[in-house]
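As structure tokens, the structure follows; a few thoughts come after it.
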Amino acid sequence: MLRTVTIGSCVSVQGMFVRQLDDGKIAVRVDERTFIGTPVPAPIKLN
């Protein structure tokens with residue numbers, strides 16, 4: 001599943017979901033690198 005994380009205040013990384021961490025952060029993989037950050041919530045669909 002493709003997920004987006006925020007690293008710091010300005011950088012976002014989008015990659016394949018790897019795992020959920022105990023502190024609420026998630027890990028995503030891009031090529032050979034794994035990034036850990038705060039998950040970006042999915043947009044809310046309005047009718």
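Looking only at segment 5-25, residues that are of a type in the set (S, T, N, Q) and closer than 10 Å to I36 by Cα come to 2 in all.
Let's see how each residue does on (1) outside any strand (DSSP E or B); (2) among the aliphatic types (A, V, I, L, M); (3) surrounded by 14 or more Cβ atoms within 10 Å (Cβ to Cβ); (4) at pLDDT 95 or above:
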site: T4; (1), (2), (3), (4): no, no, yes, yes
site: Q14; (1), (2), (3), (4): no, no, no, yes
site: F17; (1), (2), (3), (4): no, no, yes, yes
site: G24; (1), (2), (3), (4): yes, no, no, yes
site: V28; (1), (2), (3), (4): no, yes, yes, yes
site: I36; (1), (2), (3), (4): no, yes, yes, yes
site: P41; (1), (2), (3), (4): yes, no, no, no
site: L46; (1), (2), (3), (4): yes, yes, no, no
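Checking each residue in segment 16-36 for being out of contact with any Gly (no Cβ under 9 Å at 6 or more places or on another chain) and of a type in the set (F, W, Y) picks out only F17.
The values are calculated or read from the model by the stated rules, or taken from the named source; none is laboratory data. Quick caveat: nothing in here was measured; it's all calculated off a predicted structure. Every residue, glycine as well, gets a Cβ built from its backbone with ideal geometry; the counts of neighbours run over all protein chains shown.
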